[in-house]
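Have a look at the structure below before the remarks.
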Amino acid sequence: MLSSQIKSNEIVFGSCNKDLLEEIIFYGIGLGADFVEIFIENTDNSSVLAEEDFITSVSPSFGRGAGIRIFKGKKDGFVSTNDLTKHGLMRSVSQAIEMLDITENKREVFNGLNKHRDYSLSKKNWINEVPSIHEISEKLLVSTKSLKKNNKIITRKGSYSRNLQEVIIASSDGTYVSDIRLHQTVGLNVIASDAQYRSSGSRRFGSSGMPNEFRLWDHEKASNDVFESSMNMLYADYVDAGQMPVVLANKFGGVIFHEACGHLLETTQIERGTTPFENKLNEKIAHESVTAIDEGISEGSFGSLSVDDEGMEPEKSVLIKDGILKKFISDRAGELRTGHKRTGSGRRQNYSFAAASRMRNTYIAKGEYSKEDLINSISEGLYCKSMGGGSVGATGQFNFAVEEGYLIKNGKLTNPVKGATLIGEAKEVMPKISMCGNDLELAPGFCGSISGSVNVTVGQPHIKVDSITVGGR
Amino acid sequence: MNSREITTQISKAADLLNLKKWDYGASFSNDYSVQVDKGEAKQLKASQKQILTIRVWNQSNLVGITTTSDISESGIQKALKQANIASDFGNKNETTEFSPLAKDPIKVKEVKKRNPVGIKKLLTVLREAEVKLLESHESIKSVPYNGLSESFFERVYANSEGAFRSYSKSQAALYLYARAEEKNKKPRSSGSVKLGYGADDIDIESCIKEASNKTISHLNYSTIKTDKYLICFSPDSFLTIINAFSSMFNARSIIDRVSLSNKNSIGEKLSTEALNIYDDGLHEKNISSTPFDGEGTPTKRLCLINRGRIENFIHSESTARIFKTTPTGHAGLGSKVSVSPDWIVVEKSDENFDLKTSLDHSTYEGEFVYIEELNAIHAGVRASQGSFSLPFDGWLYKNGKKISIKSATVAGDIKYLLKNIVNIESSQEVTTGGISPHIWVDELSITGDA
C-alpha cells in the first residue's frame with residue numbers, strides 16, 4: 001500500500017508512471033493549454049582523463065529532472081525542475097500556464113496516454129555491460145603511452161566519457177514512450193614542440209547504443225594517426241591567404257556542411273528568418289553532384305536514436321537531392337510555426353532545454369570519384385585533411401579552421417601548411433562543390449545550439465570546392 | 001534542504017562511510033527568460049536548478065568526486081559513495097588539499113540582490129524593446145536573436161574543517177541582435193548585450209541604440225584587400241583576445257604544458273612597458289562578481305602584466321602549492337581543479353612614453369582597420385601554439401572615410417600582437433567581459449572575402 005502511494009506521487013524510473021503522467025497532463029489541459037509535453041530524465045554519467053602516464057580525473061555524475069512544455073497557439077512556455085514529485089510537476093505546469101497568461105475557457109481534449117512504447121526493454125543491462133572505470137583507465141593509459149613516440153611530443157592526453165540517459169516522454173497527443181540512450185566517446189590529443197615550432201593533433205571517436213564499443217576501439221591506429229598529424233604539421237609554414245580550389249577530406253570534413261548548410265535547413269532558422277533557403281524548396285541550391293542526408297537510424301552512429309526527445313521515431317531525411325532542396329529538419333514547434341512536417345529531429349541536451357529541430361547523422365552522399373581524381377584536377381589549391389572547429393554568423397557566413405592542410409601543386413600534394421581558415425557562405429559555396437568522392441565516412445561530434453549540446457555525426461566523401469576564400473597570413 | 005542542512009547531511013553520511021575529509025560546492029538557482037518574435041511571445045522559460053559537487057579524501061589521501069542534482073538525503077548518500085569509489089582512481093601524481101585561505105575573511109562589496117520582476121514584465125519590456133529597435137531604421141527587418149532573463153542564485157562552499165561560505169545574488173541580461181536587409185545587398189546583423197543586477201537596472205535604451213547603430217553602420221559594406229594593416233582593437237575585441245590566450249597567465253595550463261609561458265616566465269617582457277593587465281573579479285563594474293572561488297579562496301585583484309612584464313599567474317590550491325605561492329581565487333571545483341580568470345582589466349601604465357598617441361580611433365585620419373568584435377573564438381584560437389585566425393566585424397578607415405568590411409579574418413600570433421602594441425588610448429570602456437581602452441597594433445594580416 002505504501003509502495004503504490006509513493007509511486008503515484010513521484011516519478012519512479014523503471015515503473016509505470018502512466019497514471020501520474022496522465023494526471024499532470026489533464027491538469028495542464030484543464031487549465032487551458034493546447035498541448036502539454038512532459039520530458040523526464042535520469043542520467044548516470046562518467047568521465048575519465050589520462051594525462052601522460054597518470055589518470056588525473058575520474059568524474060562520475062548523476063541527476064534527474066523534468067522539462068514541461070505547454071503550447072498555446074504558436075507560443076510556448078517551458079519550465080524545468082529537479083522536483084519529480086506530483087506536487088513539483090504540477091507546480092511547473094501551473095508556472096508555464098501562468099507565464100503564457102492563459103485565461104480563455106476553450107479546452108482541448110485529452111483522451112489519455114496511448115499504449116506505452118518502451119524502447120528501453122533491450123537496453124536495461126547496458127549499465128552493467130559498459131567498461132568499468134578500471135578497464136577504461138587501463139586502456140587510456142596504454143593509449144597515452146603509445147603516443148610517446150619521440151621526445152617532440154610534450155603533452156599526451158586521452159579522455160573518455162560515457163553518458164547513460166533514461167527518458168520518459170509523455171504528451172497530450174497520447175505519446176507515451178521510454179528509452180535508454182548510451183553514448184560513449186574517446187579522444188586522444190597531443191602537442192608537439194621543437195624549439196619555436198609547435199603543433200597539435202587530436203582525434204575523437206564515438207558511438208551510441210553500443211556498450212562494448214570502447215573495448216573494440218583501435219587505440220594503436222588512433223595514436224598513430226594523431227602522432228603523424230602532429231609531426232606533419234610541426235614545421236609547417238603559414239598558408240598564404242587567397243581564393244583557391246580546395247579538397248576537403250572525408251569524415252570530419254563534413255563539419256562544414258553541418259555548420260554552414262545543415263543549420264540553415266533546421267526549421268528554427270525559418271522561424272527566425274535567418275536562412276536564405278526558406279523559400280527554396282524544390283529549387284536548386286547546390287551543385288547537381290550534391291545529395292545531402294540527415295538521419296537518426298544508422299546503427300551505432302553518434303547521432304542515432306530510437307526515438308527523438310518528443311517521442312517520434314527518427315526518419316531518414318533527404319535534404320538535398322542532386323542539388324535540389326527537398327526537405328527541412330523539423331520538430332514539433334517547427335511544424336506548428338512553419339508547416340514543415342516533423343522528421344523525428346526534436347532534440348535537447350537534457351531536461352532543462354525545450355526540444356528544437358536539430359541534426360542527427362548528417363552527411364553528403366558519396367559520388368563517383370576517387371580522392372586522387374579530385375586532387376589531380378587542381379593545379380594550385382589546398383587539401384584540408386583535418387578540420388578544426390568553426391562557426392556560422394547570424395547572416396550565414398562561416399569560418400572554419402584547418403587543423404592539417406597541404407598545398408596542392410599540379411595535381412599533387414606538397415608541403416604541409418598551417419593557419420588556414422576557410423571562409424564563405426553556404427549559399428555561395430554549395431553550388432561550387434563540383435566533385436564528390438566515393439569514400440563516404442562519418443565522424444562523431446557535439447553540436448551546440450538553441451537546445452544545448454547534442455551528439456551528432458558529420459560526414460562526407462572527399463569533396464572538391466572549385467573556389468573558396470582561404471584565410472592565412 | 002538549505003545549505004546548512006546539506007552540510008549537516010554530508011557530515012552525517014561521511015561519518016557512516018568513515019570519510020574524515022570532504023568538501024563540497026553547491027549552487028541553487030531560479031532563472032526566468034523570454035524571447036519574442038515580431039511582438040509575439042515566442043518562448044517563455046523558467047527553471048529551478050540545484051547542483052551539488054562533493055569531494056572526498058580516502059585513507060590514502062586520494063581525492064574522489066561526484067556531481068549530482070539530487071539533493072535528497074539518499075542523493076547525498078549516493079554521491080558520497082560514488083565519490084568514495086572514484087577516490088580509488090585519485091591522482092597520485094598531484095595531490096589536492098583544502099585551500100589554506102578557505103576560512104579567511106572575505107572582502108565582499110555590497111551584495112546587490114533584486115527581487116524578480118516576473119515573466120509578464122520581462123515580456124512587456126522585451127516586446128517594447130523589439131518594437132523600438134525595428135522602428136529605429138527602415139532596413140532593420142527583424143530581431144532574430146533576442147532575450148531578456150533574470151536569475152537568482154545562491155552559491156555555497158563548505159568543508160569538513162569547518163569552512164563555510166555562501167552568497168546569493170541576482171543578475172539580469174538583455175541581448176538584442178538585429179538583422180538589416182537592403183535590396184541587392186547581403187543581410188547584415190549586429191547587436192548588443194547589457195547586464196544588470198535586476199531587469200530594472202538594465203539600460204534598455206542604450207542596448208537598443210547600440211544594436212541599431214551597430215547594425216546600420218554595417219549596411220554599406222565593401223570587401224577588403226588581403227594585406228597587412230594597422231589595427232585598432234575595440235575594448236571588447238582586445239579583451240576577447242586576452243581572455244582567449246589567458247593560458248599565458250594560468251598556472252594549471254603551465255603545469256599541463258599547454259601554455260606559452262613556463263614556471264620561469266614571471267618577469268618575462270611580453271609587451272610595451274605601457275601595458276598593465278589585471279584580473280579583478282571584485283571590480284565594482286563586474287556584475288558577475290563572486291566573492292570566493294570553487295575551493296573557497298577569496299577572490300581578489302591580481303596584477304598579471306605590470307609594465308609589459310608578466311607579474312603573476314592565477315592559481316588554484318594545488319598549483320599554488322607547486323609554485324610555492326598562495327591560491328589566488330581562480331579555482332573551479334572538479335576532479336581536476338580548473339583555473340580560469342574572472343574579469344580582465346587593461347590599463348595604460350605610467351611608463352607610456354613610447355606610445356604613438358596620435359593614434360586615436362576617433363580622430364586618426366590615416367588608413368587602419370577597426371576591429372569591433374571578434375567571432376568564432378573556439379574555432380580560430382590555438383592557445384597552446386599562440387596563433388589565431390578569427391573572423392571579425394569592423395571597418396576600414398581610409399581617406400577620412402569609414403567603410404564596413406564585408407567579411408574578413410584577422411590572423412596572427414599573440415606574442416607578436418602584444419609586442420607590436422603601438423598605442424593604448426587613455427579612455428577605458430566597460431564591457432560585459434572586462435574593462436579596456438582601445439588598443440592599436442601594427443601590421444596584422446587581414447584576409448578579405450572576395
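Points to keep in mind about this one:
- Rel. contact order, % - alpha carbon contacts under 8 angstrom, at least six apart, the stretch A:47-118: 21
- Reachable lysines, given that their alpha-carbon falls under 21 Å from the alpha-carbon of A:LYS385 and they are not under 8 places away in the same chain: A:LYS221, A:LYS251, A:LYS366, A:LYS371, A:LYS409, A:LYS412, A:LYS418, A:LYS432, A:LYS464
- 3J(HN,Hα) from dihedral phi, the stretch B:203-214, Karplus parametrisation 6.51/-1.76/1.60, rounded to Hz, x for glycine, proline: 7, 5, 4, 6, 5, 5, 4, 5, 4, 5, 4, 5
- Only one residue of A:ASN399, A:GLY381, A:MET244 has its Cα farthest out toward the positive end of the dipole of the stretch A:237-471, where Lys and Arg carry +1 and Asp and Glu -1 on Cβ, and that residue is A:ASN399.
- Inter-part distance where the stretch B:168-210 and the stretch B:1-74 are each reduced to a Cα centre, Å: 32
- Value of relative contact order over the stretch A:237-471, rounded to a whole percent, pairs C-alpha under 8 Å and six or more apart: 31
- Toward the positive end of the charge dipole of the stretch B:3-216, with +1 on the Cβ of Lys and Arg and -1 on the Cβ of Asp and Glu, the farthest Cα among B:TYR145, B:SER170, B:ALA86 is that of B:TYR145.
- For chain B, the relative contact order is 15 percent, taking Cα pairs closer than 8 Å that sit 6 or more residues apart in sequence and dividing their mean separation by the residue count.
- Whether the stretch B:220-450 is rounded, prolate or oblate, judged on the alpha carbon gyration tensor where a/c under 1.5 counts as rounded: prolate
- Value of [θ]222 nm, deg cm²/dmol, for chain B, DSSP H segments ≥ 4, -39500 (n - 2.57) each, nearest 500: -6000 deg cm²/dmol
- Overall form of the stretch B:1-137: prolate. Here a/c, set by the Cα gyration tensor axes a ≥ b ≥ c, is 1.5 or more, and a/b is the larger of a/b and b/c.
- Dipole size of the stretch B:136-253 about its Cα centre, with +1 on Lys/Arg Cβ and -1 on Asp/Glu Cβ: approximately 600 debye, rounded to the nearest 20.
- The angle between the Cα long axis of helix B:73-87 and the main principal axis of chain B comes to about 90°, on a 0 to 90 degree scale.
- Magnitude of the charge dipole, chain B, Cβ model with Lys/Arg +1 and Asp/Glu -1, debye to 20: 840
- If you take the Cα centroid of the stretch A:334-397 and the Cα centroid of the stretch A:223-237, the two points sit 26 Å apart.
- If only the Cβ of Lys and Arg carry +1 and only the Cβ of Asp and Glu carry -1, the dipole of the stretch A:237-471 around its Cα centre is close to 220 debye.
- The stretch A:42-112-the stretch A:431-467 distance, computed between alpha-carbon centres (Å): 31
- Shape of the protein assembly as shown, Cα gyration tensor, a/c cut at 1.5: rounded
No lab work stands behind these numbers, since they all come straight from the coordinates. Values in this document were obtained by computation on a predicted structure and should not be read as measured data. Neighbour counts run over all protein chains shown; Cβ positions are idealised from the backbone, glycine included.
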